[in-house]
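The values are calculated or read from the model by the stated rules, or taken from the named source; none is laboratory data. Quick caveat, the model's predicted, so the values are computed rather than measured. Note that we place each Cβ from the backbone using ideal geometry, even for glycine, and neighbour counts take in every protein chain shown. Remember, those area values only see protein heavy atoms, side chains included, never the ligands or the DNA or RNA. Shrake-Rupley method; radii C 1.70, N 1.55, O 1.52, S 1.80 Å.
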Amino acid sequence: MGQHFTNEDGEQTEIDVAELQEWYKKFVVECPSGTLFMHEFKRFFGVQNDQEAEKYVENMFRAFDKNGDNTIDFLEYVAALNLVLRGKLEHKLKWTFKVYDKDGNGCIDKPELLEIVEAIYKLKKICRREEETGNPGLTPDEVVERIFQLVDENGDGQLSLDEFIDGARRDKWVMKMLHMDMNPGGWIVAQRRSSV
């Protein structure tokens with residue numbers, strides 16, 4: 001029998017008790033105070049002294065900090081891990097949209113998207129040319145322009161949540177570009193391995 005927890009869409013999710021206990025042990029090791037602060041979150045992702053990457057990680061932190069108290073407590077941690085590890089595509093896309101929508105106005109404009117794409121390029125080092133496939137890599141500006149061409153259905157220069165989700169579902173390339181930060185689970189695993 002597992003513990004029930006409500007995700008951000010109000011749906012009940014069951015988490016196995018043993019899994020929950022394992023997550024708690026890891027949380028206590030990482031956050032002995034019982035809360036994760038922004039500076040610890042940045043250190044966890046290794047983004048000190050990189051302003052663009054720091055901005056991206058700050059947006060991620062804010063998206064996980066559901067109650068807005070500038071900390072991530074255990075329940076928020078569980079919700080984040082559940083989303084990252086087992087969340088449905090639509091939930092991940094909604095979370096990604098929230099990270100991209102820096103000013104919280106419900107739309108993503110080109111400067112917001114460019115800032116995030118640049119930070120992702122730095123964090124994940126994907127800007128290098130894709131020599132093994134023979135395809136030239138795109139610059140962050142080119143990625144943003146292409147995403148807007150493919151996704152901005154009404155041409156208003158802003159992406160709504162619906163356009164964002166529909167565009168990602170409709171176009172494999174857009175999904176790939178958005179998937180690079182929909183999956184911080186890989187980063188979490190890599191950071192845990194390097195800290196052990």
- Note on the structure: For the stretch 36-88 the number of residues that are of a type outside the set (Phe, Trp, Tyr), open to solvent by 70 Å² or more (accessible area, probe 1.4 Å) and farther than 18 Å from Lys102 by Cβ is 10
- Residue pairs within 7 Å by beta carbon, gap of at least six or interchain, first lying in the stretch 43-54 and among the small types (Gly, Ala, Ser), second open to solvent by 90 Å² or more (accessible area, probe 1.4 Å) and in a helix (DSSP H, G or I), listed first then second, are Ala53/Lys122
- First in the stretch 13-42 and in contact (Cβ under 8 Å) with a residue 24 or more places away in the chain and at positive phi, second anywhere and open to solvent by 30 Å² or more (accessible area, probe 1.4 Å) and not hydrophobic (A, V, I, L, M, F, W, C), Cβ under 8 Å, 6 or more apart: Gly34/Asp73
- Hits in the stretch 71-113 - residues which are part of a loop (DSSP other than H, G, I, E, B) and either out of contact with any Cys (no Cβ under 9 Å at 6 or more places or on another chain) or under 16 Å from Glu40 (Cα atoms) (or both): Gly87, Lys88, Lys102, Asp103, Gly104, Asn105, Gly106
- Query: Taking the stretch 107-122 on its own, how many of its residues are touching a helix residue (DSSP H, G or I) at 6+ places or on another chain (Cβ under 7 Å), modelled with pLDDT of 85 or more and open to solvent by 10 Å² or more (accessible area, probe 1.4 Å)?
  - Reply: 4
- Looking only at the stretch 87-106, count how many residues are among the small types (Gly, Ala, Ser) and either without any contact (Cβ under 8 Å) to a residue 40 or more places away in the chain or in contact with a Pro (Cβ under 7 Å, 6 or more places away or on another chain) (or both). 1
- Message: Which numbered condition in (1) under 18 Å from the mean Cα position of the chain (by Cα); (2) open to solvent by 60 Å² or more (accessible area, probe 1.4 Å); (3) of a type in the set (A, V, I, L, M); (4) at pLDDT 90 or above is the only one that Val144 fails?
- Response: (2)
- Report yes if Thr6 is modelled with pLDDT under 70, hydroxyl-bearing (Ser, Thr, Tyr), within 20 Å of the chain's Cα centre (by Cα) and surrounded by fewer than 18 Cβ atoms within 10 Å (Cβ to Cβ), otherwise no. yes
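Can you give me the number of residues within the stretch 34-70 that are of a type in the set (S, T, N, Q) and either at pLDDT 80 or above or in a strand (DSSP E or B) (or both)? Can you show your working first?
First, the residues of the stretch 34-70 that are of a type in the set (S, T, N, Q): 35, 48-49, 51, 59, 67, 70.
With either at pLDDT 80 or above or in a strand (DSSP E or B) (or both) added as a condition, the list becomes 35, 59, 67, 70.
Total meeting the criteria: 4.
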- Message: For the stretch 95-106, check the following and say yes or no: at least one residue is at pLDDT 85 or above and small (Gly, Ala, Ser).
- Response: yes
